[in-house]
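The values are calculated or read from the model by the stated rules, or taken from the named source; none is laboratory data. Owing to the predicted nature of the structure, the values given are computational and were not obtained by experimental measurement. So basically every Cβ, Gly included, is an ideal-geometry build from the backbone, and we count neighbours across all protein chains shown. SASA here: full protein model, heavy atoms, side chains in, ligands and nucleic acids out. Shrake-Rupley method; radii C 1.70, N 1.55, O 1.52, S 1.80 Å.
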Amino acid sequence: MVLTKAFGRGALACVLLVLTACSVRSISDSGYREPGYGHGNPIYRGELSEYAVLGIDPAGTYSEADIQKAMIERRPLSVKKGSGILLVQSGAEMADPEMTAALEKYYTVAVFSGVPQQGKPMTPYSQLFRMAAAKGGYGTVIVYWGVLESASQGLGGKAISWLPVIGGIVPDENQQMRIRLTMAVIDTSTGQWESFSPEPFADEAMSNGHGRAASDQRQVMTLKAKAYTAAAEAVALKYGR
């Protein structure tokens with residue numbers, strides 16, 4: 001069984017060779033739903049734009065002098081352990097508690113809404129988050145995005161699923177799932193930023209028709225816990241000097 005991921009800005013695609021079903025969902029819309037049936041989170045309104053969060057206008061005109069000036073002014077980012085972080089999960093009203101708890105082992109953490117504003121925001125997200133952080137005394141803003149890729153394959157149990165009892169007990173599907181995160185670390189004072197992707201994690205589970213949703217959500221929670229712990233450790237190791 002092979003699961004391949006193709007990257008694009010703001011979009012991901014699964015290419016299936018043997019697997020029978022595939023889906024990609026945001027970590028902010030991670031509830032279970034049958035393939036092809038809308039969102040698992042009814043209040044989910046999409047993701048924050050990386051351009052807006054990082055203060056880059058895709059329609060703007062930038063000269064060579066602007067680029068060179070930005071390079072000269074750039075300084076190494078530092079997020080000293082014990083310092084304050086304003087944490088934003090793209091697409092979510094609040095960051096997942098597991099990510100907050102993982103970062104709180106190293107930092108003081110406050111959370112801020114990552115739900116996209118309706119229409120064009122009056123203030124760019126890059127300035128909105130930095131102003132909120134500045135007023136709260138948080139020297140760093142961390143915005144993160146994540147996707148859950150899942151692919152399932154029917155097992156032999158599906159051939160006997162018409163039996164009234166056995167069909168609800170025998171596992172008839174194998175689901176592979178993996179999580180990928182992208183972290184943007186932004187200096188509140190200068191707006192300088194760095195982005196990195198922690199190690200992806202994968203999980204595999206068998207389920208039957210009655211327990212499909214519960215099995216799916218166990219995988220989601222397991223993968224989130226692993227990925228968030230690794231992400232927090234990576235921030236502390238990379239920037240906690």
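Checking the a/c ratio against 1.5 first, then a/b against b/c, what shape does the Cα gyration tensor give for region 47-142?
It comes out oblate by the Cα gyration axes.
Under a plain spin-label model, where a point goes 7 Å from the Cα along Cα-to-Cβ, how far apart in nm are Ala134 and Thr190?
Each label point lies 7 Å from its Cα, and together they span 1.6 nm.
At 1.4 Å probe size, with every protein chain present, just tell me what the per residue accessible area of region 72-146 comes to in Å².
Values: 3850 Å² over 75 residues.
So region 72-146 comes to 51 Å² accessible per residue, rounded to a whole number.
Sticking with the crude label model, points 7 Å out along Cα→Cβ, report the distance from Thr222 to Ala101 in nm, one decimal please.
Label-label distance for Thr222 and Ala101, simple model: 1.8 nm.
Suppose R0 equals 41 Å; then what is the FRET efficiency for Arg33 and Arg241 from their Cβ-Cβ distance, rounded to the nearest 0.05? Mind dumping the intermediate values first?
Details: r = 43 Å, r/R0 = 1.05.
The value I calculate is 0.45.
Heavy-atom accessible area of Asp57 with all protein chains present, probe 1.4 Å, nearest 10 Å²?
80
Stretch Met206-Glu233 to full length: gain in nm at 0.36 nm per residue minus the Cα-Cα span? Intermediate results must be reported in sequence, preceding the final value.
On the way: separation 27, 0.36 × 27 = 9.72 nm, distance 3.05 nm.
Answer, rounded to one decimal: 6.7 nm.
Quick one: grab the alpha carbon gyration tensor of region 62-115, order the square roots of its eigenvalues as a ≥ b ≥ c, and give me rounded if a/c is under 1.5, else prolate or oblate depending on whether a/b is larger than b/c.
Since a/c reaches 1.5 but b/c is at least a/b, the shape of region 62-115 is classed as oblate.
Starting from the Cα gyration tensor of region 46-89, take the square roots of the eigenvalues, sort them a ≥ b ≥ c, and report rounded, prolate or oblate (rounded when a/c is under 1.5, otherwise prolate if a/b is larger than b/c, else oblate).
Numbers: a/c = 5.48, a/b = 1.27, b/c = 4.32.
Here region 46-89 falls in the oblate category.
Rounded to the nearest 0.05, what FRET efficiency is calculated for Ser49 and Lys80 with R0 set to 22 Å and r the Cβ-Cβ distance?
0.15
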